[in-house]
Amino acid sequence: MDNNVRLDSAPFSDELNLLLSIMRKDQVEITDIDWDKFLALGRHHRVFSILFNHLRKINEVGIPLKVMHALKKDYESNTFNMLRLSAQMEDLCKQFSETDIRAIVLKGPVLAADLYGDVSLRTSRDLDILIPMQDLNKAEELLKGYGYVKEEEYKTILNDWKWRHHHVTYIHEITGVTLELHWRLGPGPGKEPAFDELWERKRISTITSNPVYYLGREDLFLFLAAHGARHGWSRLRWLADIDRISRQNLDFPKLYKLLKEFRQLHIGAQALILAKQLLHTPLTKDLESITASKNAKQLASDALFYIGQMINLHTPPLPEHVANYHKRHLFSLMPTPHKILFVMSFFYPYPEDAETLPLPKRLQFLYFPLRPVLWAWRRKLKRNLPQGEV
């Protein structure tokens with residue numbers, strides 16, 4: 001089946017097109033390449049290990065030696081980092097298990113091993129571990145004793161952190177390893193699989209001697225597609241993950257049921273369209289069947305804005321045009337029920353309301369009717385500030 005989806009990648013630079021060709025293992029055509037820009041793209045998209053692994057096997061004529069040396073250095077540095085993360089991941093999971101905290105690793109070394117067969121072929125800045133929400137306090141005490149320090153405390157009111165956020169970040173004071181401790185797969189409001197469901201479908205990694213659990217294959221696809229979409233697929237590493245998992249033996253009826261139940265069909269389709277068009281991912285007839293949606297095609301086309309411009313969403317403040325585009329794109333990703341919940345969430349009190357008008361805890365329910373007034377008051381104060389203080 002061919003749904004005739006054609007994305008307009010004409011704005012892509014020669015350097016980006018070369019990078020994509022290498023990732024696809026195409027016959028490489030070397031044109032007038034800015035090699036510094038090529039290396040910057042490989043690092044931005046976190047695919048330098050994939051590039052080096054392929055180029056060293058084919059010994060491509062035309063790739064400058066300095067470029068190969070730079071890729072090799074990045075590859076070796078990443079290999080060391082992934083081995084370090086593997087050891088830390090195994091230790092943490094062992095500690096969680098001994099404290100009766102169920103833990104599911106979301107990304108990191110287990111994902112690299114499962115999708116690429118080699119921990120060195122995928123980069124990971126940190127560890128992402130999902131636990132039940134009710135175990136957060138117990139986990140935090142464990143992490144403190146293990147040398148982890150919370151990066152920052154969320155400002156919160158009326159327990160809004162439970163659904164407005166989905167993880168908290170810790171940094172090890174000696175090793176510098178960053179851990180994102182999740183209680184949700186993604187930020188709310190929105191529907192997602194409960195932890196107990198994910199735990200029932202979990203898999204066990206083969207790269208550690210102590211048990212390390214990670215998501216079932218179909219749950220992993222759901223998570224990877226939603227995560228990549230939320231970040232505009234601004235790093236090709238996330239699309240490479242979709243390419244790899246789509247080549248595995250996905251249970252399509254189970255996957256389709258998950259995507260439909262959690263209103264993520266258009267998100268899964270966006271991921272598959274991008275993977276097929278940019279990385280030439282071969283799709284089964286079943287996977288191809290969900291890419292026909294006009295909405296999914298538009299979402300895939302919209303993502304080229306991020307990919308073509310090397311946009312980094314992780315270093316605020318964002319340029320105004322990027323921030324505005326991203327807000328609109330995030331809203332367009334939401335199914336209608338989530339859009340309604342999202343709009344309604346603005347009527348739920350924010351921590352800024354308590355800063356504007358401090359109230360004792362027993363009276364904080366008053367922030368619900370007062371919220372529009374407090375919001376308008378802050379807007380008025382902001383408009384009245386001198387230009388240099390805004």
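The values are calculated or read from the model by the stated rules, or taken from the named source; none is laboratory data. What you see is a predicted model; the values in this text were computed from it and never measured. Please note: Cβ atoms are built from the backbone with ideal geometry, for glycine as well, and neighbour counts cover all protein chains shown.
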Worksheet item: Quick check, is residue 198 over 26 Å from residue 343 (Cα atoms), in contact with a Phe, Trp or Tyr (Cβ under 6 Å, 6 or more places away or on another chain) and in contact (Cβ under 8 Å) with a residue 24 or more places away in the chain?
Response: no
Worksheet item: Mind checking whether some residue in the stretch 81-101 is farther than 30 Å from residue 132 by Cβ and crowded, with 21+ Cβ neighbours inside 10 Å?
Response: no
Worksheet item: Which number in (1) outside any helix (DSSP H, G or I); (2) at pLDDT 95 or above marks the one condition that residue 287 misses?
Response: (1)
Fill in: Every residue from the stretch 24-47 that is touching a residue at least 40 places away in the same chain (Cβ under 8 Å), part of a helix (DSSP H, G or I) and under 20 Å from the mean Cα position of the chain (by Cα)
41, 44
Practice prompt. Within the stretch 301-333, track down each residue that is of a type in the set (A, V, I, L, M, F, W, C), within 24 Å of residue 15 (Cα to Cα) and in contact (Cβ under 8 Å) with a residue 60 or more places away in the chain.
Written response: 303, 304, 305, 307, 310, 311, 313
Worksheet item: For the stretch 149-178, what are the residues that are in contact (Cβ under 8 Å) with a residue 24 or more places away in the chain and more than 23 Å from residue 227 (Cβ to Cβ)?
Response: 149, 155, 156, 157, 158, 172, 173, 174, 175
Item to complete: Give the residue, chosen from 230, 235, that is out of contact with any Lys or Arg (no Cβ under 6 Å at 6 or more places or on another chain) and crowded, with 16+ Cβ neighbours inside 10 Å.
Response: 230
Worksheet item: In this structure, does residue 287 turn out to be under 24 Å from residue 218 (Cα atoms), under 17 Å from the mean Cα position of the chain (by Cα) and hydrophobic (A, V, I, L, M, F, W, C)?
Response: no
Item to complete: Would you confirm whether any residue within the stretch 100-123 is acidic (Asp, Glu) and more than 29 Å from residue 250 (Cβ to Cβ)?
Response: yes
Worksheet entry | Hits in the stretch 88-122 - residues which are assigned to a helix (DSSP H, G or I), touching a Pro at 6+ places or on another chain (Cβ under 9 Å) and over 22 Å from residue 196 (Cα atoms) | 119
Worksheet item: Can you tell me how many residues in the stretch 198-218 are of a type in the set (Phe, Trp, Tyr) and under 18 Å from residue 117 (Cα atoms)?
Response: 2
Discussion item. So in the stretch 345-368, with the set limited to residues that are among the aliphatic types (A, V, I, L, M) and in contact (Cβ under 8 Å) with a residue 12 or more places away in the chain, which one is surrounded by the most Cβ atoms within 10 Å (Cβ to Cβ)?
Written reply: 354
Worksheet item: In the stretch 19-49, which residue that is at pLDDT 95 or above and of a type in the set (Asp, Glu) is farthest from residue 314 (Cα to Cα)?
Response: 34
